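The structure under discussion appears below in the form of structure tokens.
What follows is calculated from the coordinates using simple rules that are stated; it is not laboratory data. Keep in mind that what you see is a predicted model, and the values were worked out from it rather than measured. Don't worry about glycine lacking a Cβ; one is built from the backbone with ideal geometry, like all the others, and counts go over all protein chains shown.
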Amino acid sequence: MKTNIKVDFLGLKLNSPVLTASGTFGYGDEVADLVDLKQLGAIVTKTITLEPKLGNPQPRIAEVASGMLNTIGLQNIGVRKFVETKLENLLELNVPIIVSVAGACSEDYVGVIKILNSYDKIFAVELNLSCPNLKKTIICQDIGLFDSVIRNVKKISRFPVIAKLSPQVQDISELSLLAQNIGADAVTLTNTFPAMAINIHTFKPKLSTIKGGMSGPCVKPMALRCVFEAGQKIKIPIIGCGGISNANDAIEFILAGATCVSIGTATLVEPKVITDAVSDITKYLENKNIRNLSDLIGRVEL
Ligand SMILES: Cc1cc2nc3c(=O)[nH]c(=O)nc-3n(C[C@H](O)[C@H](O)[C@H](O)COP(=O)(O)O)c2cc1C
């Protein structure tokens, strides 16, 4: 039986449901030689801001059991340099490109999108709404700002708008519903989980910013719960993200309600996991005699 792992997502038929997660695949072009990019559904770039950012001081990464903590702090070259030095190459790769965008206020996001609007081959933009606002809480915790960022970007964006949410909120499924009602075309669930680690020899936190974001296999069940609960409430598609390392993890997220999945931390250890996941999803469908992967979306039996 011929199986079909293509998925319809925001008006495109993606070659597979497997995407890269923002910030773990460089700007996207650096890894072109390491994996067969044609197998990916899309590449999500590192988050870009209006002005370049140096990021947080070192140490910015710490390993924890079954995962890692990071506090990169949105280090990036800024949107102008990104479009001058990275974007043209990326758009030549023949893989749909989703550009991740962040800022501290609505004008920052709109400023980036206005520049990206000149590049019609971009597939979509993903709004990273986990970054600090001017009051130093995160945008997902500031409902007024959350609303104005999505609304103002939607007004001017030539591309579909994906809202990437933080789990650091009271009810991520309600926030997903709000994103849908404001006009987001899809949501990514989730970004990293707030966490910390301490060096017991120096008594110091392992990250320069004391706390950071946790990712990797240890967050998978929590991210899966977020996708499941949002999937019960919203109609727009979900990109599941958090601890996915292989085809089995990806299928769990799809059964919970995700249309696509993105893989982050696992690719830092071994970039090939992303294409292995694609081929193993095909094998799973063949073994189960399931023709279309899309028939599995949200099919968890309760
Ligand atoms: C080193 C590192 C850098 C990251 N940078 C970004 C980023 O720039 N923008 C963003 O939206 N998410 C960023 N993330 C979060 C990931 O995209 C993803 O949401 C999270 O790590 C959970 O997925 P995972 O467990 O597969 O890594 C980063 C994660 C890591 C580990």
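For the ranges 199-210, 146-157, 220-231, what's the packing order if you count other beta-carbon atoms within 10 Å of each residue, average per peptide, and put the highest first? Can you show the working numbers first?
Values: 199-210: 12.6, 146-157: 18.5, 220-231: 21.9.
Descending packing order for the listed peptides: 220-231, 146-157, 199-210.
Out of 217, 57, 17, any idea which swings most in a Gaussian network model of the chain, alpha carbons joined below 10 Å?
Ranking 217, 57, 17 by mean-square fluctuation puts 57 first.
Which ordering of 296, 69, 189 is given by a fewest-first count of other beta-carbon atoms within 10 Å? Could the numbers behind the result be given before it?
On the way: 296 18, 69 26, 189 32.
So the ranking, lowest neighbour count to highest, is 296, 69, 189.
If amide H atoms are built 1.01 Å from N in the plane of the peptide, which residues on other chains or at least 5 residues away come under 5 Å of the amide H of residue 9?
Under 5 Å from the amide H of residue 9 lie the amide H atoms of 14, each far enough along the sequence or on another chain.
Modelled label-to-label distance, residue 292 and residue 171, 7 Å Cα→beta-carbon offset: nm?
3.3
Which whole-number percent gives the relative contact order of the chain, counting Cα pairs below 8 Å spaced six or more residues apart? All intermediate terms of the calculation are to be shown ahead of the outcome.
Details: 693 pairs, mean separation 63.3, N = 302.
Over the chain, the number comes to 21 percent.
Among the GluC sites (Glu not before Pro) in the stretch 6-105, which ones are in a DSSP loop with at most 16 other Cβ atoms within 10 Å of the Cβ? Mind listing them?
Details: sites: 30, 63, 84, 88, 92; in loops: 30, 92.
Here the sparse-neighbourhood loop sites are 30, 92.
Whose amide H sits under 5 Å from the amide H of residue 198, counting only residues 5 or more places off or on another chain, with H placed in the peptide plane?
Distant-sequence amide H within range of residue 198: 206.
Rounded to the nearest 0.05, what FRET efficiency do residue 4 and residue 222 have when you use their Cβ-Cβ distance and R0 = 30 Å? Working shown, then result.
Details: r = 31 Å, r/R0 = 1.02.
Calculated value: 0.45.
What does the charge dipole of the stretch 121-210 about its Cα centre add up to, to the nearest 20 debye, if the Cβ of each Lys and Arg holds +1 and the Cβ of each Asp and Glu holds -1?
Values: 10 positive and 6 negative charges, 81 e Å.
Taking the Cα centre of the stretch 121-210 as origin, the dipole is about 380 debye.
Taking all pairs of different Cα atoms in the stretch 176-277, averaging 1/r and flipping that mean, what Kirkwood radius in angstroms comes out? Provide the component values of the computation, followed by the final result.
On the way: mean 1/r = 0.0681 Å⁻¹.
After inverting the mean inverse Cα-Cα distance, the result is 14.7 Å.
To make sure I understand the rule: partners must be aspartates and glutamates, Cα under 16 Å from the Cα of residue 46, and not fewer than 8 residues away in the same chain. Which ones qualify?
29, 30, 84, 88, 126
Using only Cα atoms, what Kirkwood radius does the stretch 127-216 have, in angstroms? Write down the numbers at each step before the final one.
On the way: mean 1/r = 0.0701 Å⁻¹.
Hydrodynamic radius (Kirkwood, Cα pairs) of the stretch 127-216 is 14.3 Å.
Can you give the FRET efficiency to the nearest 0.05 for residue 156 and residue 32, using r as the Cβ-Cβ distance and R₀ = 25 Å?
Numbers: r = 30 Å, r/R0 = 1.22.
According to the calculation, E is roughly 0.25.
Could you give me D for the chain, from Stokes-Einstein at 25 °C and 0.890 mPa s, where the hydrodynamic radius is the Kirkwood radius over C-alpha pairs? Units µm² s⁻¹, please.
On the way: Rh = 19.2 Å.
The calculation lands on 128 µm²/s.
Could you run the Karplus curve 6.51 cos²θ - 1.76 cosθ + 1.60 with θ = phi - 60° over the stretch 238-248 and give me ³J(HN,Hα) per residue in whole Hz, x for Gly and Pro?
10, 9, x, 8, x, x, 7, 10, 7, 4, 4
What's the local net charge at residue 214, with K and R +1, D and E -1, over the other residues with C-beta under 13 Å away?
Working: positive: 206, 211, 220; negative: 63.
Charge balance near residue 214 sits at +2.
Taking amide H atoms as placed 1.01 Å from N in the peptide plane, list the residues 5 or more away in sequence, or in a different chain, whose amide H sits under 5 Å from that of residue 64.
For residue 64, whose amide H was placed from the backbone, the distant partners under 5 Å are 69.
Any idea what log10 I(q)/I(0) is at q = 0.08, 0.09, 0.12 Å⁻¹ for the stretch 1-137, Debye with uniform C-alpha scatterers and no solvent?
-0.24, -0.30, -0.52
Please give the contour-minus-distance gain from residue 143 to residue 209: 0.36 nm per residue of separation, less the Cα-Cα distance, rounded to one decimal in nm. Each step should come with its number before you reach the end.
On the way: separation 66, 0.36 × 66 = 23.76 nm, distance 2.48 nm.
Gain in length upon complete extension: 21.3 nm.
Answer with one residue from 302, 263, 76: the one whose Cα lies farthest towards the positive end of the charge dipole of the chain, charges on Cβ with Lys, Arg +1 and Asp, Glu -1.
Sorting the options by dipole projection puts first 76.
At a Förster radius of 51 Å, what calculated FRET efficiency corresponds to the Cβ-Cβ distance of residue 201 and residue 246, to the nearest 0.05?
On the way: r = 34 Å, r/R0 = 0.68.
So, using R0 = 51 Å, E works out to roughly 0.90.
Counting Lys and Arg as +1 and Asp and Glu as -1, what is the net charge of the other residues whose Cβ lies under 15 Å from the Cβ of residue 226?
Values: positive: 164, 220, 225, 233; negative: 171, 174, 229, 249, 252.
Net charge in that neighbourhood comes out at -1.
Students often get this wrong, so check it: of 53/220; 136/211; 6/164; 81/114; 164/220; 81/164, which have C-alpha atoms separated by over 19 Å?
Among 53/220; 136/211; 6/164; 81/114; 164/220; 81/164, the Cα-Cα distance tops 19 Å for 53/220; 6/164; 81/164.
Using the Karplus curve 6.51 cos²θ - 1.76 cosθ + 1.60 with θ = phi - 60°, what ³J(HN,Hα) values do you get for each residue of the stretch 92-101, in whole Hz, with x for Gly and Pro?
With the stated coefficients, the stretch 92-101 comes to 7, 6, 6, 10, x, 10, 10, 9, 8, 10 Hz.
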